[in-house]
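Student: Supplied in structure tokens, the structure appears directly below.
The values are calculated or read from the model by the stated rules, or taken from the named source; none is laboratory data. Being a predicted model, the structure only gives us computed values, none of them experimental. So basically every Cβ, Gly included, is an ideal-geometry build from the backbone, and we count neighbours across all protein chains shown.
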Ligand SMILES: Nc1ncnc2c1ncn2[C@@H]1O[C@H](COP(=O)(O)OP(=O)(O)O)[C@@H](O)[C@H]1O
Ligand SMILES: [Mg+2]
């Protein structure tokens, strides 16, 4: 694709797929924007008058919006912190040559293959349930009493469930990065007098920095739209303690039958995601350059 | 005093015995080269001395202190790896200064020592660069810089020049010898290249399958190899070996003579053969000769020697330059029996 001629040909050849992709994205987006300017309620779908930015005003000034925004951020940052730090520690552990490392690795990766709905149900009923849950039985056996996880610390519970789902991903990426660190470098550092912590800080961490950025980037994209885990465990409650932006949009549309308001919420979510993506891509770009 | 002593040092990896047991004395300030074919355990031996591997038996002492169980950093040795093992995300200055930083020295002291090392190694203009922005030779120098700033009691080099092209290798060889002359620190240098060993070493240790075949000065090994392995390994081109009748005449199982101690003639000589390929190097010509029993030998002749492929030629080993070996391949040092008349053929 070096000459002007081949470039022009390439453009023509690529045009159909580019156009299809564009339509694929543009049409739903345009329709959502269109709906977001209507007073469109499913109780009265016959009349959908144009109301301008009123839906946005309602959505953004709704006190639930600010809670949902905070919850979304806490959820994303909490899960990122747990999976990145836990992922690094686990990857360091699995990187050691030890007996049965292959099986342990498989076990660590396994949660990744469990569907979010299933894992949330398992956590809700088998782990966090104050009566039957394993955690409750364990703490009771220790004489510590029980915590009703999903009603007493609902957001933390969601963070734990989602972290459990995403930890394998982080471990997988970070372990691969760790394994590509040359033994020579570690040995050179060892001869230079670096201890375990210095080697980690000066050699290992810079080496896996790029992989960490990739983990953060990919996880953030998915964590911004967590829904199934909330839906099957807390239903956004108690109150709206675990309502994040996607769940708020859902509640608006299907619990209050307000299609216009939900569309406005959807657009707000898209804008938020783009702001986050903008900063993330800059972060990654900087890391990929060096 | 920082001589290094190995006493019966052994190393096994699982069932594989890589080094059965080595005794070795390295004097303070000596440039010692471990040389041997690939896989003979040179790197392993070096890593045992460095402390990067644990010994399976025996003791290592440095400067009179037993360091067999000491951590690498406590042995006072610096190592230059074959891959250089530079820290890719650090600048050249940070790479060179890393050991000092780990030793907890002040920024000012580190800065000053890094500058001094960079000046010695012609790296001053590159201090701010990252390793991947340097050429192979420059990376090599950074690795050496990182080793010398620590002012170690000894340097360990593991095939440091094998990633460089031929011209650069010759240069770096000279620079390393120069560095040793300046610093007068003990250096242990591992290579599979006998030319590097011959040109740089005060003392060569020839290794084969984890055993020491011979220890000595380069000329010692060249003139008085203890056995067939050393005789064949040291010197380029390789020493010629002849078995059979000609060897028996000299009272040996095998006799050896170097290509450069061989006279080639088209008329007469001690051993008859057929000329094969001639390699013209300008100053010399190497003529490859096939003897009647199929043995391949080489003779070094003057540059303008004109021998055609297929010519019949005679070879005569130079007087007193014949090496005799017994059935076990060990050198026979006592005087050879009196030669009968020359020209007896094979
Ligand atoms: N970590 C190891 N585990 C098992 N075998 C090893 C290990 N390191 C080296 N060896 C074996 O020891 C022998 C000597 O290796 P090495 O010291 O690297 O040879 P050299 O440097 O002389 O080429 C080789 O046969 C190699 O396969
Ligand atoms: Mg080696």
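Student: From A:108, A:104, which residue is more than 14 Å from chain B (Cβ to nearest Cβ), crowded, with 19+ Cβ neighbours inside 10 Å and either closer than 30 Å to residue A:210 by Cβ or at pLDDT 90 or above (or both)?
Tutor: Going through A:108, A:104 in turn, the sole match is A:108.
Student: Only one of B:180, B:192 is under 21 Å from residue B:116 (Cβ atoms) and modelled with pLDDT of 90 or more. Can you tell me which? Let's see the steps before the verdict.
Tutor: Working: B:192 fails: under 21 Å from residue B:116 (Cβ atoms).
Result of the check over B:180, B:192: B:180.
Student: Now, a different point. Taking residue B:51 and the conditions (1) more than 10 Å from every other protein chain (Cβ to nearest Cβ); (2) more than 14 Å from ligand 2 (Cβ to nearest atom); (3) farther than 27 Å from residue B:123 by Cβ; (4) out of contact with any strand residue (DSSP E or B) (no Cβ under 7 Å at 6 or more places or on another chain), which numbered condition does it fall short on, given that it satisfies the others?
Tutor: Tallying (1) more than 10 Å from every other protein chain (Cβ to nearest Cβ); (2) more than 14 Å from ligand 2 (Cβ to nearest atom); (3) farther than 27 Å from residue B:123 by Cβ; (4) out of contact with any strand residue (DSSP E or B) (no Cβ under 7 Å at 6 or more places or on another chain), residue B:51 fails exactly one: (1).
Student: Is it true that residue B:78 is within 14 Å of another protein chain (Cβ to nearest Cβ), within 16 Å of ligand 1 (Cβ to nearest atom) and either modelled with pLDDT under 95 or in a strand (DSSP E or B) (or both)?
Tutor: So residue B:78 does not fit the description; no.
Student: Starting from segment A:99-112, take each residue that is free of Cβ contacts under 8 Å to residues at least 12 places away in the same chain and list its partners that are surrounded by 10 or more Cβ atoms within 10 Å (Cβ to Cβ), counting only C-beta distances under 7 angstrom and pairs at least six apart or across chains.
Tutor: A:101/A:94; A:104/A:94
Student: When you scan segment B:83-99, do you find a residue that is within 15 Å of ligand 1 (Cβ to nearest atom), within 14 Å of chain A (Cβ to nearest Cβ) and touching a residue at least 24 places away in the same chain (Cβ under 8 Å), even just one?
Tutor: Yes, there is a match, as at least one residue in segment B:83-99 is within 15 Å of ligand 1 (Cβ to nearest atom), within 14 Å of chain A (Cβ to nearest Cβ) and touching a residue at least 24 places away in the same chain (Cβ under 8 Å).
Student: Can you tell me how many residues within segment A:144-186 are within 11 Å of chain B (Cβ to nearest Cβ) and either in a helix (DSSP H, G or I) or within 26 Å of residue A:230 (Cβ to Cβ) (or both)? Walk me through how you get there before you give the answer.
Tutor: Quick first cut of segment A:144-186, residues within 11 Å of chain B (Cβ to nearest Cβ) only: A:181-186.
From what's left, either in a helix (DSSP H, G or I) or within 26 Å of residue A:230 (Cβ to Cβ) (or both): A:183-186.
Within segment A:144-186, residues that are within 11 Å of chain B (Cβ to nearest Cβ) and either in a helix (DSSP H, G or I) or within 26 Å of residue A:230 (Cβ to Cβ) (or both) number 4.
Student: Which of (1) touching a strand residue (DSSP E or B) at 6+ places or on another chain (Cβ under 6 Å); (2) away from ligand 2 (no atom under 16 Å from the Cβ); (3) within 23 Å of residue A:184 (Cβ to Cβ) does residue B:58 not meet, given it meets every other one?
Tutor: Failing condition for residue B:58: (3).
Student: Also: All but one of (1) within 13 Å of chain A (Cβ to nearest Cβ); (2) closer than 25 Å to residue B:173 by Cα; (3) within 26 Å of the chain's Cα centre (by Cα) hold for residue B:121; state the number of the condition that does not hold.
Tutor: Against the list (1) within 13 Å of chain A (Cβ to nearest Cβ); (2) closer than 25 Å to residue B:173 by Cα; (3) within 26 Å of the chain's Cα centre (by Cα), residue B:121 comes up short only on (1).
Student: Which one of these does residue B:41 not meet: (1) at positive phi; (2) touching a residue at least 24 places away in the same chain (Cβ under 8 Å); (3) more than 14 Å from ligand 2 (Cβ to nearest atom)?
Tutor: Against the list (1) at positive phi; (2) touching a residue at least 24 places away in the same chain (Cβ under 8 Å); (3) more than 14 Å from ligand 2 (Cβ to nearest atom), residue B:41 comes up short only on (3).
Student: Moving on. Inspect all residues belonging to segment B:166-181 and state whether any of them is away from every other protein chain (no Cβ under 14 Å) and within 13 Å of ligand 2 (Cβ to nearest atom).
Tutor: No, the conditions are met nowhere in segment B:166-181.
Student: Still on this structure, I have one more. Output yes when any residue across segment B:89-108 is within 16 Å of ligand 2 (Cβ to nearest atom) and within 24 Å of residue B:3 (Cα to Cα), and no when none is.
Tutor: no
Student: Follow-up question, since we're still on this one. Count, please, the residues in segment B:100-118 that happen to be at the interface with chain A (Cβ under 10 Å from one of its Cβ atoms), surrounded by fewer than 21 Cβ atoms within 10 Å (Cβ to Cβ) and outside any loop (DSSP other than H, G, I, E, B).
Tutor: 2
Student: How many residues are more than 7 Å from ligand 1 (Cβ to nearest atom) and either under 20 Å from the mean Cα position of the chain (by Cα) or crowded, with 16+ Cβ neighbours inside 10 Å (or both) when one looks only at segment B:10-44?
Tutor: 20
Student: Within the bounds of segment B:208-216, is there any residue that is within 16 Å of ligand 2 (Cβ to nearest atom), touching a strand residue (DSSP E or B) at 6+ places or on another chain (Cβ under 6 Å) and under 24 Å from residue B:51 (Cβ atoms)?
Tutor: Yes, segment B:208-216 has at least one match.
Student: Would you call residue B:309 without any contact (Cβ under 8 Å) to a residue 40 or more places away in the chain and in contact with a strand residue (DSSP E or B) (Cβ under 9 Å, 6 or more places away or on another chain)?
Tutor: yes
Student: Tally time: how many residues in segment A:187-242 are part of a loop (DSSP other than H, G, I, E, B) and within 11 Å of chain B (Cβ to nearest Cβ)?
Tutor: Residues meeting the conditions: 4.
Student: Go through (1) farther than 22 Å from residue B:286 by Cβ; (2) away from ligand 1 (no atom under 16 Å from the Cβ); (3) crowded, with 19+ Cβ neighbours inside 10 Å; (4) assigned by TED's automatic domain parsing to the domain that holds residue B:31 for residue B:221 and report which single condition fails.
Tutor: (1)
Student: Can you name every residue in segment B:1-12 that is away from ligand 2 (no atom under 14 Å from the Cβ) and either within 14 Å of chain A (Cβ to nearest Cβ) or assigned to a strand (DSSP E or B) (or both)?
Tutor: So the first thing to find is which residues in segment B:1-12 are away from ligand 2 (no atom under 14 Å from the Cβ), and the list is B:1-10, B:12.
Passing the criteria: B:4, B:5, B:6, B:7, B:8, B:9, B:10, B:12.
Student: Ok, one more. Going through B:149, B:206 one at a time, which residue ends up being within 16 Å of ligand 1 (Cβ to nearest atom) and either within 28 Å of residue B:102 (Cα to Cα) or surrounded by 17 or more Cβ atoms within 10 Å (Cβ to Cβ) (or both)?
Tutor: Testing whether each residue is within 16 Å of ligand 1 (Cβ to nearest atom) and either within 28 Å of residue B:102 (Cα to Cα) or surrounded by 17 or more Cβ atoms within 10 Å (Cβ to Cβ) (or both) leaves just B:206.
Student: While we're here: When only residues in segment B:54-67 that are crowded, with 19+ Cβ neighbours inside 10 Å and in a loop (DSSP other than H, G, I, E, B) count, which is nearest to ligand 1 (Cβ to nearest atom)?
Tutor: Once the filter is applied, the top-ranked residue is B:55.
Student: Moving to a separate point now. Please determine whether any residue of segment B:21-35 is more than 14 Å from chain A (Cβ to nearest Cβ), in a loop (DSSP other than H, G, I, E, B) and within 11 Å of ligand 2 (Cβ to nearest atom).
Tutor: Scanning segment B:21-35, I find no residue that is more than 14 Å from chain A (Cβ to nearest Cβ), in a loop (DSSP other than H, G, I, E, B) and within 11 Å of ligand 2 (Cβ to nearest atom), so the answer is no.
Student: Confirm whether residue B:146 is assigned to a helix (DSSP H, G or I), away from ligand 2 (no atom under 16 Å from the Cβ), within 14 Å of another protein chain (Cβ to nearest Cβ) and in contact (Cβ under 8 Å) with a residue 60 or more places away in the chain.
Tutor: Considered against the rule, which asks whether it is assigned to a helix (DSSP H, G or I), away from ligand 2 (no atom under 16 Å from the Cβ), within 14 Å of another protein chain (Cβ to nearest Cβ) and in contact (Cβ under 8 Å) with a residue 60 or more places away in the chain, residue B:146 comes out as yes.
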